[in-house]
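Quick one: structure below, then a few questions.
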Ligand code: SF4
């Protein structure tokens, strides 16, 4: 019997239709809603200070001044952080200060941006797509900070076709590369570029793989929701996100545009080859 591994043929998926709307969206929706969130945060802060100001003055003028300065500082951090993110994302010039924790700006503003987006009836996934684009542009802009060549590729389990019973979450090499789903092509890509690939079936396993492997950079393939959460979870590890395509609906026999994955691989490899 012929070895399935020798029959490997790349999966050809017509992605034009599924990707058309995605390509029409850029980073602007996320940035615009973040700036709207900053404006709303400013109004809320102003109202709170307006309400407590007379009481603070009664207690002590110093207390009033201190609270006022803290409010201003907090707002300054939000505006400054978002300004740096916006300029870096749009120009590709890295103006972000190095830090080892999750970005307070993105962590605070993103949930508000999603809520405002919903008020304006903007589809959640479209806003998340925009977030991923902004994130990718920041990753590219900060490329000089990526040291080392430990690149982890995280793939969602739903890329594996449902009729395949190979245990690829234990070890990606259990894939026979038969060409029935996108996993085979991705394994070959991993061999070509020397990448460490893991297939995960959820955020918990993904986090575990990241903490075990300790990558210098991550290429993550997932749906908009998982990518958005994952990118924020693993910060400050740079992530290049690729959104999967779901012609059969969510979490079933999904696929991915291989050219986008290869683009991400080339980005990290170009970095580490320098
Ligand atoms: S995971 Fe996909 S490519 Fe790999 S053996 Fe199963 S069906 Fe074939």
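Enumerate the helices (runs of 4 or more DSSP H) found wholly within region 6-114, keeping only those where 2 or more residues are at pLDDT 65 or above and in contact with a helix residue (DSSP H, G or I) (Cβ under 7 Å, 6 or more places away or on another chain).
Numbers: elements: 16-24, 28-59, 61-91.
In region 6-114, the matching helices (runs of 4 or more DSSP H) lie at 28-59, 61-91.
Consider residue 216 carefully, then state whether it is within 16 Å of the ligand (Cβ to nearest atom) and not assigned by TED's automatic domain parsing to the domain that holds residue 96. Explain how you work it out, then say what you get.
Values: within 16 Å of the ligand (Cβ to nearest atom): no; not assigned by TED's automatic domain parsing to the domain that holds residue 96: yes.
Judged against the criteria, residue 216 is not a match.
List the number of the failed condition for residue 198; all other conditions in (1) in contact with a strand residue (DSSP E or B) (Cβ under 7 Å, 6 or more places away or on another chain); (2) more than 16 Å from the ligand (Cβ to nearest atom) hold.
For residue 198, the exception is condition (2).
So, one more: Quick one: count up the residues across region 35-64 that are over 33 Å from the mean Cα position of the chain (by Cα) and in contact (Cβ under 8 Å) with a residue 24 or more places away in the chain.
Of the residues in region 35-64, 0 are over 33 Å from the mean Cα position of the chain (by Cα) and in contact (Cβ under 8 Å) with a residue 24 or more places away in the chain.
If we keep just the residues of region 175-190 that are within 6 Å of the ligand (Cβ to nearest atom) and in a helix (DSSP H, G or I), which is surrounded by the most Cβ atoms within 10 Å (Cβ to Cβ)?
So the residue we want is 183.
Across region 136-168, what is the number of residues that are touching a strand residue (DSSP E or B) at 6+ places or on another chain (Cβ under 6 Å) and crowded, with 17+ Cβ neighbours inside 10 Å?
Pass one, region 136-168, residues touching a strand residue (DSSP E or B) at 6+ places or on another chain (Cβ under 6 Å): 136, 139, 146, 151-157, 168.
Those still in the list that are crowded, with 17+ Cβ neighbours inside 10 Å too: 136, 139, 146, 151-156, 168.
Residues in region 136-168 being touching a strand residue (DSSP E or B) at 6+ places or on another chain (Cβ under 6 Å) and crowded, with 17+ Cβ neighbours inside 10 Å: 10 in total.
Let me ask something additional. Could you list, in sequence order, all residues of region 142-174 that are part of a helix (DSSP H, G or I) and within 15 Å of the ligand (Cβ to nearest atom)? Full working, then the answer.
Within region 142-174, the subset part of a helix (DSSP H, G or I) is 143-145, 157-159, 172-174.
Passing the criteria: 157, 158, 159, 172, 173, 174.
Results for (1) crowded, with 21+ Cβ neighbours inside 10 Å; (2) outside any helix (DSSP H, G or I), shown as yes or no for each residue.
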site: 225; (1), (2): no, no
site: 251; (1), (2): no, yes
site: 262; (1), (2): no, no
site: 268; (1), (2): yes, no
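The values are calculated or read from the model by the stated rules, or taken from the named source; none is laboratory data. Source: prediction; values computed, not measured. Cβ sites come from the backbone with ideal geometry, for glycine too, and all protein chains shown count toward neighbours.
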